[in-house]
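Colleague: Attaching a single structure in structure tokens format; questions to follow.
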Amino acid sequence: MSEQQLEAVYALIEKSEDALVRLCQDLIQFPTINPPGNDYQPCVEYIGNRLKNSGFAVEYVRAYGAPGDSAEYPRYNVIARYETGRKGPCVHFNSHIDVVETGDGWTRDPFAAQLEDGKIYGRGACDMKGGLAASIIAVEALIKSGVELKGAIEISGTADEESGGLGGVAYLAEKGYFSKDRVDHVIIPEPLNVDRVCLGHRGVWWAEIETHGHIAHGSMPFLGDCAVRHMGAVVAEFEDKLYPAMAARHTKMPVVPEGAKQSTLNINSIHGGQDEIERDDSAGLPAPCVPDSCRMIIDRRFLMEEELDQVKGEVTGILDNLETSREGFKYEIRDMLEVIPSMTDQDAPVVAATSQAIEEILGKTPDMVCSPGTYDQKHIDRIGNLKDCIAYGPGILELAHQPDEYVEVDAMINSAKVMALSAYKLLTNSY
Ligand SMILES: [Zn+2]
């Protein structure tokens, strides 16, 4: 691309600053809280109508039968495709439209999308309606500038990322929307900061462990067998064996922040025994019984270097040992969620194109990072079998899901330029 044409694209993006702000504000004003999956349909129709006006063919796909899909909360997705009319690859920008609950601590209306000192505040501003807005402005500028492009550009707004993506990217990948037949390169504008390229994420295993006991009168606990004490023994073994073993394991994945470069385990919850007996003053009285069941949810995050079977075996090994060494110990374990780690090669086309674009626009060498938690890349990789995928977008990762979440207008403008340039490089094979 000649210098001049480049300048035309950037000038269009800069000129669109007000439109970008309005677009981002409009998106935030749909309170697409998930769960339950609120307002998906009006939000995707808003995106679809806009892109139709910019020359895209627009499809709406409802994930019938996906978890949470109902007449009241339909799981709607939008996929828009722009054909240049010349043979070439397809670059896809994928953003999730759902946001997490607002929580406490806001000093502003979470859905008013107030603009203040160059920042737009609101739930989803950073994660990730700012990124979605920036990608739309980027692509529109690229098309409007008249630069010669090849292939196709797609933009999707998808459901349910915050709850695992089954009614969103996973569903679309099953239906072939993310497949080698129609997509070559994928950029997910998650808030990873404007000067970083995110190659992938760690794996996840959620499981529920239940210990069993024997109910008896609380005044004679020796006649029963306390399931909570058995669970205490599990926690003690985790402290003694599992946590030190995990702390010793480090990954080659460039995970940020630093603490997430090792395997981690969160004990998400423990519930044991009977509920308190209801009283009128709602203070409750304890049930006078020995608990015969205790349940613990674990959230284990694992590394490329670990196999899921080993990760599970490490935990069940501890439980099996307790079964032989501890009198009365009985357990069950149930899998709740499994996500395999995903990481794109550092020399993959989308990584090269985006890194070069960051260097050219921002004048700095980008950091290559991996995310401590997962995002929709897992489905694009595992179901769609598309390996050329990264996350890149505006917004500060640490602000995601926080009160007073915001996105900076400057960061949206800069990342829009980077996205336009990387799309151009990918579409014209000039990276
Ligand atoms: Zn997100």
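Colleague: Going residue by residue through region 280-297, is there one that turns out to be within 27 Å of residue 396 (Cα to Cα), in the same structural domain as residue 221 (by TED's automatic domain parsing), of a type in the set (Lys, Arg) and at pLDDT 90 or above? Before the answer, list the steps.
Modeller: Of all residues in region 280-297, those within 27 Å of residue 396 (Cα to Cα) come to none.
No, region 280-297 contains no residue that is within 27 Å of residue 396 (Cα to Cα), in the same structural domain as residue 221 (by TED's automatic domain parsing), of a type in the set (Lys, Arg) and at pLDDT 90 or above.
Colleague: Since residue 161 meets every condition but one in (1) within 15 Å of the ligand (Cβ to nearest atom); (2) more than 25 Å from residue 368 (Cβ to Cβ), which condition does it not meet?
Modeller: Single failed check for residue 161: (2).
Here's the yes/no breakdown for (1) out of contact with any Cys (no Cβ under 6 Å at 6 or more places or on another chain); (2) assigned by TED's automatic domain parsing to the domain that holds residue 325:
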| position | (1), (2) |
| --- | --- |
| 173 | yes, no |
| 180 | yes, no |
| 192 | no, no |
| 212 | yes, yes |
| 215 | no, yes |
| 229 | yes, yes |
| 232 | yes, yes |
| 239 | yes, yes |
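Colleague: Here is a further query. Can you name the residue in region 152-167 that is buried (at least 22 other Cβ atoms within 10 Å of the Cβ) and of a type in the set (A, V, I, L, M, F, W, C) and, of all such residues, is farthest from residue 98 (Cα to Cα)?
Modeller: Residue satisfying both the conditions and the ranking: 152.
Colleague: Now for a separate question. All but one of (1) under 30 Å from residue 199 (Cβ atoms); (2) outside any helix (DSSP H, G or I); (3) at pLDDT below 95 hold for residue 300; state the number of the condition that does not hold.
Modeller: Looking at each condition in turn, residue 300 falls short on (3).
Colleague: OK, next. Can you tell me which residues in region 169-193 are within 16 Å of the ligand (Cβ to nearest atom) and in a helix (DSSP H, G or I)?
Modeller: Pass one, region 169-193, residues within 16 Å of the ligand (Cβ to nearest atom): 169-170, 186-193.
Correct list: 169, 170.
Colleague: Under 8 Å by Cβ, and 6 or more places apart or on different chains, what pairs join a residue from region 177-194 that is closer than 12 Å to residue 91 by Cα and modelled with pLDDT of 95 or more with one that is aromatic (Phe, Trp, Tyr) and more than 16 Å from the ligand (Cβ to nearest atom)?
Modeller: Filtered contacts from region 177-194: 183/177; 186/178.
Colleague: Is there any pair with a first residue in region 65-81 that is free of Cβ contacts under 8 Å to residues at least 40 places away in the same chain and a second that is surrounded by 24 or more Cβ atoms within 10 Å (Cβ to Cβ) and assigned to a loop (DSSP other than H, G, I, E, B) whose Cβ atoms are under 6 Å apart and which are 6 or more apart or on different chains, and what are they?
Modeller: Here the result reads 73/37, each pair linking region 65-81 to a residue that is surrounded by 24 or more Cβ atoms within 10 Å (Cβ to Cβ) and assigned to a loop (DSSP other than H, G, I, E, B).
Colleague: Separate question: From 166, 149, which residue is modelled with pLDDT under 95, hydrophobic (A, V, I, L, M, F, W, C) and either in a loop (DSSP other than H, G, I, E, B) or more than 30 Å from residue 404 (Cα to Cα) (or both)?
Modeller: On the way: 166 fails: modelled with pLDDT under 95.
Result: 149 is the single residue among 166, 149 that is modelled with pLDDT under 95, hydrophobic (A, V, I, L, M, F, W, C) and either in a loop (DSSP other than H, G, I, E, B) or more than 30 Å from residue 404 (Cα to Cα) (or both).
Colleague: So which of 399, 362 ends up being aliphatic (A, V, I, L, M), closer than 18 Å to residue 128 by Cα and surrounded by fewer than 23 Cβ atoms within 10 Å (Cβ to Cβ)? Please lay out each step first, then the result.
Modeller: Numbers: 362 fails: closer than 18 Å to residue 128 by Cα.
Answer to the check: 399.
Colleague: So, one more: Taking only region 355-384 into account, find how many residues are within 14 Å of the ligand (Cβ to nearest atom) and small (Gly, Ala, Ser).
Modeller: 2
Colleague: Quick one: residue 93 ticks every box in (1) part of a loop (DSSP other than H, G, I, E, B); (2) aromatic (Phe, Trp, Tyr); (3) over 23 Å from residue 36 (Cβ atoms) except a single one, so which number is it?
Modeller: Residue 93 satisfies every listed condition except (1).
Colleague: Would you point out the residue of region 77-121, among those that are more than 30 Å from residue 150 (Cβ to Cβ) and touching a Lys or Arg at 6+ places or on another chain (Cβ under 6 Å), that is nearest to the ligand (Cβ to nearest atom)?
Modeller: Residues of region 77-121 that are more than 30 Å from residue 150 (Cβ to Cβ), as a first pass: 98-121.
Filter once more, keeping what is touching a Lys or Arg at 6+ places or on another chain (Cβ under 6 Å): 99, 102, 110, 114, 121.
Numbers: 99: 8, 102: 15, 110: 16, 114: 21, 121: 17 Å.
Among residues in region 77-121 that are more than 30 Å from residue 150 (Cβ to Cβ) and touching a Lys or Arg at 6+ places or on another chain (Cβ under 6 Å), the one nearest to the ligand (Cβ to nearest atom) is 99.
Colleague: Against the condition of a type in the set (A, V, I, L, M, F, W, C) and closer than 25 Å to residue 333 by Cα, how does residue 265 come out, does it pass? Break it down stepwise before answering.
Modeller: Numbers: of a type in the set (A, V, I, L, M, F, W, C): yes; closer than 25 Å to residue 333 by Cα: yes.
Criteria met by residue 265.
Colleague: Which one of these does residue 71 not meet: (1) hydrophobic (A, V, I, L, M, F, W, C); (2) away from the ligand (no atom under 16 Å from the Cβ); (3) crowded, with 19+ Cβ neighbours inside 10 Å?
Modeller: Condition not satisfied by residue 71: (3).
Colleague: Follow-up. Taking only region 265-303 into account, find how many residues are farther than 30 Å from residue 216 by Cβ and either free of Cβ contacts under 8 Å to residues at least 40 places away in the same chain or loosely packed, with under 12 Cβ neighbours inside 10 Å (or both). Quick ask: steps written out before the conclusion?
Modeller: Residues of region 265-303 that are farther than 30 Å from residue 216 by Cβ, as a first pass: 265-266, 299-303.
Then keep just the ones that are either free of Cβ contacts under 8 Å to residues at least 40 places away in the same chain or loosely packed, with under 12 Cβ neighbours inside 10 Å (or both); that gives 265-266.
Residues meeting the conditions: 2.
Colleague: I would also like to ask the following. Show me the strands (runs of 3 or more DSSP E) found entirely inside region 361-411 where at least 1 residues are in the same structural domain as residue 90 (by TED's automatic domain parsing) and within 19 Å of residue 422 (Cβ to Cβ). Spell out how you get there, then give the answer.
Modeller: On the way: elements: 367-371, 389-391, 406-408.
In region 361-411, 367-371, 389-391 are the strands (runs of 3 or more DSSP E) which contain 1 or more residues that are in the same structural domain as residue 90 (by TED's automatic domain parsing) and within 19 Å of residue 422 (Cβ to Cβ).
Colleague: Could you please let me know if residue 250 is in contact with a Gly (Cβ under 9 Å, 6 or more places away or on another chain) and either closer than 25 Å to residue 318 by Cβ or of a type outside the set (Gly, Ala, Ser) (or both)? Before you say what the answer is, go through the steps one by one.
Modeller: Numbers: in contact with a Gly (Cβ under 9 Å, 6 or more places away or on another chain): no; either closer than 25 Å to residue 318 by Cβ or of a type outside the set (Gly, Ala, Ser) (or both): yes.
Criteria not met by residue 250.
Colleague: Please give the number of the condition residue 208 fails out of (1) charged (D, E, K, R); (2) part of a helix (DSSP H, G or I); (3) surrounded by fewer than 17 Cβ atoms within 10 Å (Cβ to Cβ).
Modeller: The one condition residue 208 does not meet is (2).
Colleague: Collect the residues in region 308-322 that are surrounded by 13 or more Cβ atoms within 10 Å (Cβ to Cβ) and free of Cβ contacts under 8 Å to residues at least 24 places away in the same chain, keeping them in residue-number order.
Modeller: First, pick out the residues of region 308-322 that are surrounded by 13 or more Cβ atoms within 10 Å (Cβ to Cβ): 308, 311-312, 314-322.
Those that are surrounded by 13 or more Cβ atoms within 10 Å (Cβ to Cβ) and free of Cβ contacts under 8 Å to residues at least 24 places away in the same chain: 316, 317, 320.
The values are calculated or read from the model by the stated rules, or taken from the named source; none is laboratory data. This one's a predicted model, so the numbers in the text were calculated from it and none came from an experiment. With ideal geometry, Cβ positions are generated from the backbone for all residues, glycine too; neighbour counts draw on all protein chains shown.
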